[in-house]
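Working notes, structure below.
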Amino acid sequence: MNFLQILSIVAPVFILVGAGYVFRHVRWMTPEADHTLLKLGVNVLLPALIADTVLGNPLLAKASDLWFPPVLGFSLIALSMGIVGLMLAPLRLPHETSGAGIITAGVQNFGYMVIPLVDALYDRETLGVLFIHNLGVEIALWSLGVWVLARKKESASWRRLISVPAVAVLCSGLLNLIHANEWLPTVLRKSLHMMGQSAIPLALLLTGATIYDQIRVSGDGRPKYAALSIALIARLALLPLVLLAVARWLPMPTALRNVLVLQAAMPSAMMPVVICRHQGADSKFCVQIVLLSTAFSLVTIPLWIKFGAAWVAG
(Lines give C-alpha, C1' and ligand atoms only; values in the text may rest on other atoms or scores of the structure.)
Protein backbone atom coordinates (compact mmCIF):
# COMPACT_ATOMS: atom_id res chain seq x y z
CA MET A 1 0.00 0.00 0.00
CA ASN A 2 1.13 3.54 -0.71
CA PHE A 3 1.02 6.52 1.65
CA LEU A 4 -2.41 7.73 0.54
CA GLN A 5 -3.99 4.29 0.90
CA ILE A 6 -2.67 3.98 4.46
CA LEU A 7 -3.74 7.56 5.19
CA SER A 8 -7.27 6.70 4.06
CA ILE A 9 -7.32 3.92 6.66
CA VAL A 10 -5.90 6.18 9.38
CA ALA A 11 -8.11 9.17 8.54
CA PRO A 12 -11.42 7.85 9.99
CA VAL A 13 -9.75 7.54 13.40
CA PHE A 14 -8.79 11.22 13.33
CA ILE A 15 -12.18 12.21 11.91
CA LEU A 16 -13.93 10.62 14.91
CA VAL A 17 -11.47 12.26 17.29
CA GLY A 18 -12.09 15.58 15.54
CA ALA A 19 -15.83 15.04 15.83
CA GLY A 20 -15.47 14.54 19.58
CA TYR A 21 -13.46 17.77 19.74
CA VAL A 22 -16.23 19.67 17.91
CA PHE A 23 -19.00 18.06 19.97
CA ARG A 24 -17.27 19.23 23.17
CA HIS A 25 -16.88 22.73 21.77
CA VAL A 26 -20.58 23.00 20.91
CA ARG A 27 -21.50 21.31 24.23
CA TRP A 28 -23.13 18.25 22.64
CA MET A 29 -20.75 16.20 24.79
CA THR A 30 -20.54 17.75 28.23
CA PRO A 31 -17.84 17.05 30.84
CA GLU A 32 -20.57 15.94 33.23
CA ALA A 33 -21.36 12.98 30.94
CA ASP A 34 -17.73 11.85 30.58
CA HIS A 35 -17.61 9.78 33.74
CA THR A 36 -20.69 7.76 32.83
CA LEU A 37 -19.64 7.22 29.21
CA LEU A 38 -16.08 6.31 30.20
CA LYS A 39 -17.29 3.84 32.81
CA LEU A 40 -19.62 2.26 30.23
CA GLY A 41 -16.83 2.02 27.67
CA VAL A 42 -14.12 0.67 29.96
CA ASN A 43 -16.23 -1.68 32.08
CA VAL A 44 -18.72 -3.00 29.50
CA LEU A 45 -18.02 -2.24 25.84
CA LEU A 46 -14.22 -2.75 25.78
CA PRO A 47 -14.41 -6.06 27.72
CA ALA A 48 -17.09 -7.18 25.24
CA LEU A 49 -14.75 -6.34 22.35
CA ILE A 50 -11.91 -8.22 24.06
CA ALA A 51 -14.06 -11.32 24.58
CA ASP A 52 -15.37 -11.14 21.01
CA THR A 53 -11.85 -11.13 19.53
CA VAL A 54 -10.17 -13.59 21.92
CA LEU A 55 -12.86 -16.31 22.10
CA GLY A 56 -12.46 -18.70 19.21
CA ASN A 57 -9.11 -17.13 18.22
CA PRO A 58 -6.85 -19.87 16.78
CA LEU A 59 -3.75 -17.73 17.40
CA LEU A 60 -4.43 -17.93 21.16
CA ALA A 61 -5.49 -21.58 21.35
CA LYS A 62 -2.48 -22.81 23.36
CA ALA A 63 -1.18 -21.76 26.78
CA SER A 64 2.18 -20.97 25.16
CA ASP A 65 0.44 -18.32 23.02
CA LEU A 66 -0.66 -16.36 26.09
CA TRP A 67 2.56 -15.62 28.00
CA PHE A 68 4.95 -14.16 25.41
CA PRO A 69 2.91 -11.15 24.10
CA PRO A 70 2.38 -9.58 27.57
CA VAL A 71 5.99 -10.23 28.58
CA LEU A 72 7.15 -8.56 25.37
CA GLY A 73 4.75 -5.64 25.91
CA PHE A 74 6.04 -5.09 29.45
CA SER A 75 9.69 -5.35 28.40
CA LEU A 76 9.35 -2.89 25.52
CA ILE A 77 7.69 -0.28 27.74
CA ALA A 78 10.46 -0.68 30.31
CA LEU A 79 13.08 -0.29 27.55
CA SER A 80 11.30 2.72 26.06
CA MET A 81 11.05 4.51 29.41
CA GLY A 82 14.74 3.86 30.01
CA ILE A 83 15.69 5.34 26.62
CA VAL A 84 13.59 8.47 27.17
CA GLY A 85 15.08 8.86 30.66
CA LEU A 86 18.61 8.76 29.25
CA MET A 87 17.71 11.30 26.55
CA LEU A 88 16.21 13.74 29.08
CA ALA A 89 18.93 13.29 31.73
CA PRO A 90 21.38 15.93 30.34
CA LEU A 91 18.72 18.64 30.75
CA ARG A 92 18.65 18.13 34.55
CA LEU A 93 14.92 18.73 34.72
CA PRO A 94 12.96 18.70 37.98
CA HIS A 95 11.82 15.22 38.96
CA GLU A 96 8.17 16.14 38.32
CA THR A 97 8.97 17.14 34.72
CA SER A 98 11.45 14.41 33.81
CA GLY A 99 9.16 11.75 35.24
CA ALA A 100 6.22 13.08 33.25
CA GLY A 101 8.34 13.04 30.09
CA ILE A 102 9.54 9.49 30.70
CA ILE A 103 6.12 7.99 31.25
CA THR A 104 4.41 10.00 28.48
CA ALA A 105 6.96 9.69 25.68
CA GLY A 106 7.84 6.16 26.77
CA VAL A 107 4.33 4.72 26.42
CA GLN A 108 2.72 4.57 22.98
CA ASN A 109 -1.03 4.65 22.43
CA PHE A 110 -1.92 0.99 22.90
CA GLY A 111 -5.69 1.22 22.94
CA TYR A 112 -8.36 3.16 21.17
CA MET A 113 -6.22 4.60 18.37
CA VAL A 114 -4.43 1.39 17.39
CA ILE A 115 -7.43 -0.97 17.73
CA PRO A 116 -9.32 0.28 14.62
CA LEU A 117 -6.09 0.20 12.61
CA VAL A 118 -5.42 -3.43 13.53
CA ASP A 119 -9.00 -4.23 12.60
CA ALA A 120 -8.71 -2.43 9.26
CA LEU A 121 -5.24 -3.60 8.21
CA TYR A 122 -5.21 -7.14 9.55
CA ASP A 123 -7.93 -9.35 11.04
CA ARG A 124 -9.94 -10.26 14.12
CA GLU A 125 -7.33 -12.79 15.26
CA THR A 126 -4.55 -10.17 15.24
CA LEU A 127 -6.79 -7.87 17.29
CA GLY A 128 -7.02 -10.60 19.94
CA VAL A 129 -3.21 -10.81 20.01
CA LEU A 130 -3.09 -7.03 20.53
CA PHE A 131 -5.26 -7.32 23.64
CA ILE A 132 -3.03 -10.03 25.10
CA HIS A 133 0.04 -7.87 24.35
CA ASN A 134 -1.64 -4.85 25.95
CA LEU A 135 -1.94 -6.67 29.26
CA GLY A 136 1.83 -6.37 29.68
CA VAL A 137 1.78 -2.73 28.56
CA GLU A 138 -0.90 -1.87 31.11
CA ILE A 139 1.00 -3.63 33.92
CA ALA A 140 4.17 -1.72 32.99
CA LEU A 141 2.28 1.59 32.89
CA TRP A 142 0.70 1.17 36.33
CA SER A 143 3.77 -0.32 38.01
CA LEU A 144 6.95 1.09 36.42
CA GLY A 145 5.20 4.29 35.37
CA VAL A 146 3.87 5.03 38.85
CA TRP A 147 7.24 4.06 40.35
CA VAL A 148 9.01 6.58 38.09
CA LEU A 149 6.68 9.37 39.22
CA ALA A 150 6.09 8.58 42.90
CA ARG A 151 8.55 9.73 45.54
CA LYS A 152 6.93 7.38 48.01
CA LYS A 153 5.20 4.09 47.38
CA GLU A 154 1.43 4.11 47.40
CA SER A 155 -0.16 0.70 47.71
CA ALA A 156 -3.43 2.03 46.26
CA SER A 157 -1.68 2.54 42.92
CA TRP A 158 -1.13 -1.19 42.55
CA ARG A 159 -4.88 -1.72 42.60
CA ARG A 160 -4.91 -0.17 39.13
CA LEU A 161 -3.34 -3.38 37.82
CA ILE A 162 -6.66 -5.10 38.45
CA SER A 163 -8.87 -3.40 35.88
CA VAL A 164 -11.96 -4.76 34.16
CA PRO A 165 -10.24 -4.92 30.71
CA ALA A 166 -7.27 -6.78 32.24
CA VAL A 167 -9.62 -9.27 33.90
CA ALA A 168 -11.46 -9.62 30.57
CA VAL A 169 -8.20 -10.45 28.81
CA LEU A 170 -7.27 -13.10 31.38
CA CYS A 171 -10.74 -14.68 31.53
CA SER A 172 -11.19 -14.66 27.75
CA GLY A 173 -7.77 -16.23 27.25
CA LEU A 174 -8.51 -19.01 29.73
CA LEU A 175 -11.97 -19.62 28.25
CA ASN A 176 -10.43 -19.85 24.81
CA LEU A 177 -8.07 -22.57 26.03
CA ILE A 178 -11.08 -24.73 26.94
CA HIS A 179 -12.80 -23.94 23.60
CA ALA A 180 -15.64 -21.98 25.21
CA ASN A 181 -16.56 -20.50 21.85
CA GLU A 182 -17.91 -23.90 20.84
CA TRP A 183 -20.40 -24.22 23.71
CA LEU A 184 -21.31 -20.65 24.66
CA PRO A 185 -24.86 -19.70 23.54
CA THR A 186 -24.97 -18.05 20.13
CA VAL A 187 -27.11 -15.22 21.49
CA LEU A 188 -24.37 -14.37 24.01
CA ARG A 189 -21.67 -14.30 21.33
CA LYS A 190 -23.79 -12.06 19.13
CA SER A 191 -24.47 -9.73 22.06
CA LEU A 192 -20.75 -9.49 22.83
CA HIS A 193 -20.06 -8.70 19.18
CA MET A 194 -22.69 -5.95 19.04
CA MET A 195 -21.48 -4.30 22.25
CA GLY A 196 -17.86 -4.62 21.19
CA GLN A 197 -18.51 -2.81 17.92
CA SER A 198 -19.67 0.22 19.93
CA ALA A 199 -16.50 0.47 22.03
CA ILE A 200 -14.15 2.17 19.57
CA PRO A 201 -16.43 4.92 18.14
CA LEU A 202 -17.45 5.96 21.65
CA ALA A 203 -13.85 5.94 22.87
CA LEU A 204 -12.60 8.03 19.93
CA LEU A 205 -15.32 10.62 20.48
CA LEU A 206 -14.34 10.81 24.17
CA THR A 207 -10.70 11.14 23.12
CA GLY A 208 -11.54 14.16 20.99
CA ALA A 209 -13.48 15.74 23.85
CA THR A 210 -10.55 15.10 26.20
CA ILE A 211 -8.12 16.69 23.75
CA TYR A 212 -10.34 19.79 23.69
CA ASP A 213 -10.12 19.99 27.49
CA GLN A 214 -6.36 19.39 27.48
CA ILE A 215 -5.71 22.14 24.96
CA ARG A 216 -7.47 24.61 27.24
CA VAL A 217 -5.38 23.42 30.20
CA SER A 218 -2.06 23.37 28.33
CA GLY A 219 -2.54 26.96 27.25
CA ASP A 220 -1.74 28.02 30.82
CA GLY A 221 1.78 26.55 30.76
CA ARG A 222 4.83 27.76 28.78
CA PRO A 223 6.32 24.92 26.71
CA LYS A 224 9.73 23.55 27.73
CA TYR A 225 11.03 23.58 24.18
CA ALA A 226 14.23 21.55 24.60
CA ALA A 227 12.59 18.83 26.71
CA LEU A 228 9.50 18.78 24.49
CA SER A 229 11.63 18.41 21.35
CA ILE A 230 13.58 15.51 22.86
CA ALA A 231 10.39 13.78 24.00
CA LEU A 232 8.83 14.11 20.53
CA ILE A 233 11.98 12.88 18.78
CA ALA A 234 12.01 9.88 21.11
CA ARG A 235 8.33 9.06 20.63
CA LEU A 236 7.99 9.70 16.89
CA ALA A 237 11.46 8.83 15.56
CA LEU A 238 13.73 6.77 17.82
CA LEU A 239 11.36 4.44 19.70
CA PRO A 240 9.58 3.34 16.49
CA LEU A 241 12.95 2.10 15.22
CA VAL A 242 13.51 0.19 18.47
CA LEU A 243 10.12 -1.56 18.25
CA LEU A 244 10.58 -2.34 14.57
CA ALA A 245 14.06 -3.75 15.20
CA VAL A 246 12.61 -6.07 17.84
CA ALA A 247 9.81 -7.07 15.45
CA ARG A 248 12.30 -7.83 12.68
CA TRP A 249 14.97 -9.74 14.56
CA LEU A 250 13.26 -11.35 17.56
CA PRO A 251 11.50 -14.63 16.72
CA MET A 252 7.73 -14.23 17.19
CA PRO A 253 4.44 -15.10 15.48
CA THR A 254 3.48 -13.03 12.44
CA ALA A 255 0.41 -11.57 14.16
CA LEU A 256 2.51 -10.24 17.06
CA ARG A 257 5.01 -8.85 14.55
CA ASN A 258 2.17 -6.97 12.86
CA VAL A 259 0.99 -5.65 16.23
CA LEU A 260 4.48 -4.22 16.90
CA VAL A 261 4.53 -2.52 13.49
CA LEU A 262 1.38 -0.59 14.41
CA GLN A 263 2.51 0.04 17.99
CA ALA A 264 5.73 1.56 16.63
CA ALA A 265 3.70 4.07 14.61
CA MET A 266 1.56 5.28 17.51
CA PRO A 267 1.83 8.66 19.29
CA SER A 268 1.95 8.96 23.07
CA ALA A 269 -0.80 7.36 25.11
CA MET A 270 -3.26 9.59 26.97
CA MET A 271 -3.50 7.58 30.18
CA PRO A 272 -0.17 9.03 31.49
CA VAL A 273 -1.96 12.39 31.77
CA VAL A 274 -4.26 10.89 34.39
CA ILE A 275 -1.36 9.23 36.22
CA CYS A 276 0.72 12.43 36.20
CA ARG A 277 -2.14 14.43 37.69
CA HIS A 278 -2.72 11.75 40.34
CA GLN A 279 0.98 11.70 41.31
CA GLY A 280 1.45 15.48 41.29
CA ALA A 281 3.86 15.41 38.32
CA ASP A 282 4.15 18.02 35.56
CA SER A 283 0.84 17.25 33.85
CA LYS A 284 1.09 20.30 31.59
CA PHE A 285 4.31 18.94 30.08
CA CYS A 286 2.58 15.59 29.75
CA VAL A 287 -0.37 17.17 27.93
CA GLN A 288 1.94 19.03 25.53
CA ILE A 289 3.68 15.78 24.55
CA VAL A 290 0.37 14.01 24.00
CA LEU A 291 -1.16 16.81 21.92
CA LEU A 292 1.83 17.41 19.66
CA SER A 293 2.66 13.74 19.13
CA THR A 294 -0.98 13.06 18.27
CA ALA A 295 -1.09 15.99 15.83
CA PHE A 296 2.15 14.94 14.08
CA SER A 297 1.03 11.32 13.98
CA LEU A 298 -1.52 12.05 11.25
CA VAL A 299 1.53 12.17 8.97
CA THR A 300 3.94 9.87 10.82
CA ILE A 301 1.53 6.94 11.31
CA PRO A 302 1.19 6.19 7.56
CA LEU A 303 4.93 6.68 7.05
CA TRP A 304 5.93 4.32 9.86
CA ILE A 305 3.34 1.70 8.87
CA LYS A 306 4.54 1.71 5.26
CA PHE A 307 8.22 1.59 6.20
CA GLY A 308 7.75 -0.79 9.13
CA ALA A 309 5.68 -3.35 7.24
CA ALA A 310 8.25 -3.51 4.44
CA TRP A 311 11.32 -3.55 6.73
CA VAL A 312 9.98 -6.12 9.17
CA ALA A 313 9.03 -8.37 6.25
CA GLY A 314 12.69 -8.35 5.27
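The values are calculated or read from the model by the stated rules, or taken from the named source; none is laboratory data. All of these numbers come straight from a predicted model, not from anything done at the bench. Every residue, glycine as well, gets a Cβ built from its backbone with ideal geometry; the counts of neighbours run over all protein chains shown.
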Helices (runs of 4 or more DSSP H) contained in region 249-313 and holding at least 2 residues in contact (Cβ under 8 Å) with a residue 60 or more places away in the chain and under 24 Å from A11 (Cβ atoms):
254-265, 283-312
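So, in region 78-117, exactly how many residues are within 27 Å of S64 (Cα to Cα), among the aliphatic types (A, V, I, L, M) and crowded, with 24+ Cβ neighbours inside 10 Å?
Residues that pass the stated criteria total 2.
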Checking V146 against (1) at pLDDT below 85; (2) touching a Lys or Arg at 6+ places or on another chain (Cβ under 9 Å); (3) surrounded by fewer than 17 Cβ atoms within 10 Å (Cβ to Cβ), which test does it fail?
(3)
Search result, residues across region 206-227 that are buried (at least 17 other Cβ atoms within 10 Å of the Cβ) and modelled with pLDDT of 90 or more:
A227
What are the residues in region 118-130 that are touching a Pro at 6+ places or on another chain (Cβ under 8 Å) and either surrounded by 23 or more Cβ atoms within 10 Å (Cβ to Cβ) or of a type in the set (S, T, Y) (or both), if any?
V129
Working only within region 239-286, note down all residues that are among the hydroxyl-bearing types (S, T, Y) and either at pLDDT 95 or above or over 24 Å from I211 (Cβ atoms) (or both).
T254
